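Asks: A single structure is presented below for examination.
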Amino acid sequence: MSAGRSMEKLNCTVIESVTGPITRLVAALIALSAAVFVAIVLTAAWVPEALAEEYRFPIQDRWVATVVGTPTQFAADLTPVERIPFRKRRLRIFADRELPDVIFYNRDMIYTVALQKQKSAPVMFLIAGTGAAHNGSKNMLLARAFYEMGYNIVSLSSPTYANFISSASSTGVPGHVFHDAEDLYRAMQMAWDAVKGKRTATGFAMTGYSLGGFNAAFVAQLDSQRKVFDFDKVLLINPPVNLYNSISLLDRMIENIPGGTENYDQFYERVIQAFSDVYKRNEDTVSFDEDFLARVFLAYKPRDEELAALVGLAFRLSSSSLILTSDVMTDFGFIKPKGYEIPRHENLTPYRQVAGRVGFTDFYHDFFYPFYAQEHPELSRDGFIALMSLTSITQYLRDANHIEVIHNADDVILAPGEIDYIDDVFGARARIYPYGGHLGNMAYRDVMTHIQSVFRE
Amino acid sequence: MKTLRAYGAVLLAANLLLTNGCASNRQDMAQSDYPQPLYPVERLVPEDLQDAQAEIYDPFEGLNKRIYSFNYYFDRTVFLPVTNTWRRYVPYFARKGVSNFFNNIRDLRTLANSILQLAPEKAAQSAGRVLINSTVGIYGFIDVATDLDFPRPSEDFGQTLGRWGVGQGPFVMIPFLGPSNMRDGIGMIPDLVLQTEAYGGFLAKPLRSTIFVFDAIDTRSQVPFRYYETGSVYEYETVRWLNSVKRDLDVAK
């Protein structure tokens, strides 16, 4: 079944509960059209592209957009993956790190590189979103967009990805904005050093989506002090503003399970059934990032509440790997008894069952916060929550002219008012679309054109 | 025949070797000498939990997990370097030709099994494919049938057994090959006999004994799966379950 055919059956409803930002956006659009009109009159030149500014992404429901993404016929036409020389590489970040036996295979950081044919070219670092891999479909989409612009691509997994936690995290517990930035910065330097001999970089840029966009903001801030790369341009795509707000929203999505969270298992079974149907039809790779949802959707056609629950469930799938990995890396005693070393070939089912039921906020309060609290004795729980937020570097972001943002006014991971914060802090450097959900419109032609144009100055 | 005997031996070994790997069920964890974790199983997981992923019959789990990691090492040190070299240095049309050749043999397998399953439509489709590709397609090197929009069903002896009511039996990780189950593992033997006979029909002797190597390279280079790279630390459990679901669906198809 093609994405297109199922789209026709979709009942796209109007966006709700975002009237505030929309009014502002309408005002902004009116001002923009006035400016465009004046520009046209002044130059007396008819520019058809000016009309293309009108945003026509086909899915208006934010949950449908988030789950389904951009239907193929509306997606940007980029160089196909087969035509780009993607290479998977491995790197030992910490030379003498002893890894717990149960995750022995995650000793080296795995990442993806694509080099241009010519010797000198700019370098683009990519950072994946929550739980996603260096070669997940969204990073690959961005890689295609930037490779055809002439960038060498160095694509990294999210710091929340099990392989990154085990191989490249200095603490073993991801989510701390400043530690994650240090870890990413170190990984980027080592990753680039590994190819440096073969290529000369004419400049450096960085793009991250979702949590990766959030990470990129802090990496950019770190880079402004250390100047190793001295990024020319940084793009944040649909980043969260406050980490705790976003994980609370994700936990609440799970509560949308029909009949309440006590029906978690029945709901999971139904999703699995839908997944089986999808699997029956196409036998491609088994990967558990956010786009596993899109495939399930085609078989399942759920209601909005169920879609919300699905988004929450997909994040649970990645958090359940994160939780066990961090627990064995630090021997914290969160879901595994403290002091107990899980043997390499042990049955992990009980851990999977527990980890799938632990909320993001449970993890935050009972593992993440106590683990880092000793580093920040001066901070209360709320103070710590405020630190793990773009608001803790607002002044830097206000002044950093090389950082741009794209976002959607109806993004499902933003708390009320957070889109206004983006608008306020980044001003003209933020492009906020009226709808598109969380990353639903990233592959959309006009959005992709804008993403590329950010790096074209 | 040597290969066949090796398979038989492996399957027999899998059958006989009861391993001690499955250590941590609910009781064992509760009884352990370690302090309770913050979130123990008892606190979050209901006693009567229905968990399809956990219900796959896997009495040889310890051995299977060892074979799983053996396959990972074999993949990284031998298999993938070979398939990468194959993809890098053999031109596309040659690789495609080799794939087509093996697919033609696999279509023959589908034909035989479709007959055994009393599935006339699939039998006719695969018979048509084999006839056209073996003749016009020059021993199968050119896939003319697909260009003519012939459907391509896929049936093996494991599915035939399933069609007649044989259950999957325990999950089995097969060395070098990957996840399977007792029924499908045993089902490989008649399929392999048929394949060997088919090669005997037109291949010279030295080629007959090395052809399996190329079959393996061709098969592996078309499977994007990489051990321990799904990003899930529960990968073995998930692969085991997906394999079972998939094989049930294959039989039902």
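The values are calculated or read from the model by the stated rules, or taken from the named source; none is laboratory data. The structure displayed is predicted, hence computed values, not measured ones. Every residue, glycine as well, gets a Cβ built from its backbone with ideal geometry; the counts of neighbours run over all protein chains shown.
Asks: How many of the residues making up segment B:47-68 are at pLDDT below 95 and more than 20 Å from A:PRO350 (Cβ to Cβ)?
Replies: 0
Asks: Condition (residue is surrounded by fewer than 17 Cβ atoms within 10 Å (Cβ to Cβ) and either touching a residue at least 40 places away in the same chain (Cβ under 8 Å) or in a loop (DSSP other than H, G, I, E, B) (or both)) applied to segment A:66-73: is it met by at least one residue? Walk me through it before giving the result.
Replies: Narrowing segment A:66-73 to residues surrounded by fewer than 17 Cβ atoms within 10 Å (Cβ to Cβ): A:72-73.
Then keep just the ones that are either touching a residue at least 40 places away in the same chain (Cβ under 8 Å) or in a loop (DSSP other than H, G, I, E, B) (or both); that gives A:72-73.
Yes, segment A:66-73 contains at least one residue that is surrounded by fewer than 17 Cβ atoms within 10 Å (Cβ to Cβ) and either touching a residue at least 40 places away in the same chain (Cβ under 8 Å) or in a loop (DSSP other than H, G, I, E, B) (or both).
Asks: For segment B:242-253, which residues satisfy the criterion of being facing chain A (nearest Cβ under 9 Å) and assigned to a helix (DSSP H, G or I)? Quick ask: steps written out before the conclusion?
Replies: Looking only at segment B:242-253, we keep the residues that are facing chain A (nearest Cβ under 9 Å), and these are B:242, B:245-246, B:248-250, B:252-253.
Residues satisfying the conditions are B:LEU242, B:VAL245, B:LYS246, B:ASP248, B:LEU249, B:ASP250, B:ALA252.
Asks: Given (1) touching a Ser or Thr at 6+ places or on another chain (Cβ under 6 Å); (2) in a helix (DSSP H, G or I); (3) over 15 Å from A:ILE247 (Cα atoms), identify the lone condition not met by A:LEU324.
Replies: (1)
Asks: Any residue that is among the acidic types (Asp, Glu), loosely packed, with under 13 Cβ neighbours inside 10 Å and modelled with pLDDT under 90 - is there at least one of those in segment A:77-85?
Replies: Yes.
Asks: Restricting attention to segment A:165-180, and to residues there that are within 15 Å of the chain's Cα centre (by Cα) and part of a helix (DSSP H, G or I), which single residue is nearest to the other protein chains (Cβ to nearest Cβ)?
Replies: A:ASP180
Asks: Kindly indicate which of A:ASN245, A:ASN215 is surrounded by fewer than 24 Cβ atoms within 10 Å (Cβ to Cβ) and touching a helix residue (DSSP H, G or I) at 6+ places or on another chain (Cβ under 8 Å).
Replies: Going through A:ASN245, A:ASN215 in turn, the sole match is A:ASN245.
Asks: How about segment B:113-155: which of its residues are surrounded by fewer than 20 Cβ atoms within 10 Å (Cβ to Cβ) and in contact with a Leu (Cβ under 8 Å, 6 or more places away or on another chain)?
Replies: Across segment B:113-155, the qualifying residue is only B:ALA127.
Asks: Still on this structure, I have one more. With the structure loaded, tell me whether B:TYR73 is facing chain A (nearest Cβ under 10 Å) and free of Cβ contacts under 8 Å to residues at least 60 places away in the same chain or whether it fails that test.
Replies: Answer is yes for this residue.
Asks: What about B:VAL172, is it part of a strand (DSSP E or B) and closer than 30 Å to B:PRO59 by Cβ?
Replies: Answer is yes for this residue.
Asks: Same structure, new question: Considering only segment A:377-391, I want to know if a residue exists there that is more than 29 Å from A:LEU141 (Cα to Cα), acidic (Asp, Glu) and in a loop (DSSP other than H, G, I, E, B).
Replies: yes
Asks: Just name the residue that is farthest from the chain's Cα centre (by Cα) out of those in segment B:31-76 that are of a type in the set (S, T, N, Q) and closer than 23 Å to B:GLU229 by Cβ.
Replies: Among those residues, the one meeting the criterion is B:GLN53.
Asks: Shifting gears a bit: Just checking, does segment A:230-253 include any residue being modelled with pLDDT under 90 and touching a Ser or Thr at 6+ places or on another chain (Cβ under 6 Å)?
Replies: Looking through segment A:230-253, at least one residue is modelled with pLDDT under 90 and touching a Ser or Thr at 6+ places or on another chain (Cβ under 6 Å).
Asks: Of everything in segment A:100-134, what is in a loop (DSSP other than H, G, I, E, B), within 12 Å of chain B (Cβ to nearest Cβ) and surrounded by fewer than 23 Cβ atoms within 10 Å (Cβ to Cβ)? Give them in sequence order.
Replies: A:PRO100, A:ARG107, A:ASP108
Asks: Restricting to segment A:153-164, name every residue that is among the hydrophobic types (A, V, I, L, M, F, W, C) and within 14 Å of chain B (Cβ to nearest Cβ).
Replies: A:LEU156, A:ALA162, A:PHE164
Asks: Exactly one condition in (1) part of a helix (DSSP H, G or I); (2) facing chain A (nearest Cβ under 10 Å); (3) at pLDDT 90 or above is not met by B:LEU38; state its number.
Replies: In the conditions (1) part of a helix (DSSP H, G or I); (2) facing chain A (nearest Cβ under 10 Å); (3) at pLDDT 90 or above, B:LEU38 misses (1) alone.
Asks: Can you confirm whether segment A:362-375 contains a residue that is under 18 Å from A:VAL454 (Cβ atoms), surrounded by 18 or more Cβ atoms within 10 Å (Cβ to Cβ) and either without any contact (Cβ under 8 Å) to a residue 60 or more places away in the chain or within 14 Å of another protein chain (Cβ to nearest Cβ) (or both)?
Replies: no
Asks: Can you confirm whether B:PHE102 is in contact with a Ser or Thr (Cβ under 8 Å, 6 or more places away or on another chain), crowded, with 16+ Cβ neighbours inside 10 Å and closer than 29 Å to A:ILE84 by Cβ?
Replies: yes
Asks: Report yes if A:ILE342 is β-branched (Val, Ile, Thr) and not in a helix (DSSP H, G or I), otherwise no.
Replies: Values: β-branched (Val, Ile, Thr): yes; not in a helix (DSSP H, G or I): yes.
The answer is yes for A:ILE342.
Asks: Continuing with this model, one more query. Please state which of the following conditions B:ILE56 fails to meet, knowing it meets all the rest: (1) within 9 Å of chain A (Cβ to nearest Cβ); (2) of a type outside the set (Asp, Glu); (3) surrounded by 17 or more Cβ atoms within 10 Å (Cβ to Cβ).
Replies: (1)
Asks: Can you tell me how many residues in segment A:186-212 are surrounded by 19 or more Cβ atoms within 10 Å (Cβ to Cβ) and farther than 24 Å from A:GLY436 by Cβ?
Replies: Residues in segment A:186-212 being surrounded by 19 or more Cβ atoms within 10 Å (Cβ to Cβ) and farther than 24 Å from A:GLY436 by Cβ: 5 in total.
Asks: Right, another one. Looking at A:THR202, A:THR160, A:THR207, can you tell me which residue is in a strand (DSSP E or B) and closer than 29 Å to A:ILE323 by Cα?
Replies: A:THR207
Asks: Here is a follow-up. Could you list, in sequence order, the residues of segment A:345-361 that are touching a residue at least 40 places away in the same chain (Cβ under 8 Å) and either within 7 Å of another protein chain (Cβ to nearest Cβ) or in a helix (DSSP H, G or I) (or both)?
Replies: A:GLU346, A:LEU348, A:ARG357, A:PHE360, A:THR361
Asks: Additional query: Only one residue in A:VAL405, A:VAL447, A:VAL425 is modelled with pLDDT of 95 or more, surrounded by 17 or more Cβ atoms within 10 Å (Cβ to Cβ), outside any loop (DSSP other than H, G, I, E, B) and out of contact with any helix residue (DSSP H, G or I) (no Cβ under 8 Å at 6 or more places or on another chain), so which one is that?
Replies: Of A:VAL405, A:VAL447, A:VAL425, the one residue that is modelled with pLDDT of 95 or more, surrounded by 17 or more Cβ atoms within 10 Å (Cβ to Cβ), outside any loop (DSSP other than H, G, I, E, B) and out of contact with any helix residue (DSSP H, G or I) (no Cβ under 8 Å at 6 or more places or on another chain) is A:VAL447.
Asks: Okay, next question. Is it fair to say A:SER224 is touching a residue at least 60 places away in the same chain (Cβ under 8 Å) and closer than 25 Å to A:LEU99 by Cα?
Replies: Against the criterion (touching a residue at least 60 places away in the same chain (Cβ under 8 Å) and closer than 25 Å to A:LEU99 by Cα), A:SER224 does not qualify.
Each row is one residue, and each column tells you yes or no for (1) in contact with a Lys or Arg (Cβ under 7 Å, 6 or more places away or on another chain); (2) within 14 Å of chain A (Cβ to nearest Cβ); (3) of a type in the set (Phe, Trp, Tyr); (4) exposed (fewer than 15 other Cβ atoms within 10 Å of the Cβ).
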{"residue": "B:PRO170", "(1), (2), (3), (4)": "no, no, no, no"}
{"residue": "B:GLY178", "(1), (2), (3), (4)": "no, yes, no, no"}
{"residue": "B:LEU192", "(1), (2), (3), (4)": "no, no, no, no"}
{"residue": "B:TYR199", "(1), (2), (3), (4)": "yes, no, yes, no"}
{"residue": "B:PHE225", "(1), (2), (3), (4)": "no, yes, yes, no"}
{"residue": "B:GLU229", "(1), (2), (3), (4)": "no, yes, no, no"}
